[in-house]
Amino acid sequence: MLLELFGWTELTSTCSAEEQARVRSALSGQGIRYKLKTVNRSSPGAISPSRRAYTGTYGENQALFYEYLFYVKKQDLDAARGALHTGR
């Protein structure tokens, strides 16, 4: 991924909006810069077209539609991990 070329590394990922808010709060509270990438898992991709046009979203767990990926600078990784553990 492009972020990794610029010194960023993945810290954690979650599909929970509540957990995403908790991680953001923990990192901000410690003054740790982060980048958040949000991926819509139900949208079509270049390789896999959407089935939603055929089947809708009936029966799918809507809580898993979005994945939140957090990235921090490599030199901040240990501090960020510590912030997540103390924020629980």
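Would you tally the residues in the range 1-32 being assigned to a loop (DSSP other than H, G, I, E, B) and either within 15 Å of the chain's Cα centre (by Cα) or among the aromatic types (F, W, Y) (or both)?
As a first pass, look at the range 1-32 and keep what is assigned to a loop (DSSP other than H, G, I, E, B): 1, 6-7, 15-16, 30-32.
Imposing the further condition that a residue be either within 15 Å of the chain's Cα centre (by Cα) or among the aromatic types (F, W, Y) (or both) reduces the set to 1, 6, 15-16.
Of the residues in the range 1-32, 4 are assigned to a loop (DSSP other than H, G, I, E, B) and either within 15 Å of the chain's Cα centre (by Cα) or among the aromatic types (F, W, Y) (or both).
For residues that are at pLDDT below 90, under 15 Å from E19 (Cβ atoms) and in a helix (DSSP H, G or I), tally how many sit in the range 59-84.
2
The values are calculated or read from the model by the stated rules, or taken from the named source; none is laboratory data. Owing to the predicted nature of the structure, the values given are computational and were not obtained by experimental measurement. As a convention, Cβ positions derive from the backbone with ideal geometry for all residues, glycine included, and neighbour counts pool all protein chains shown.
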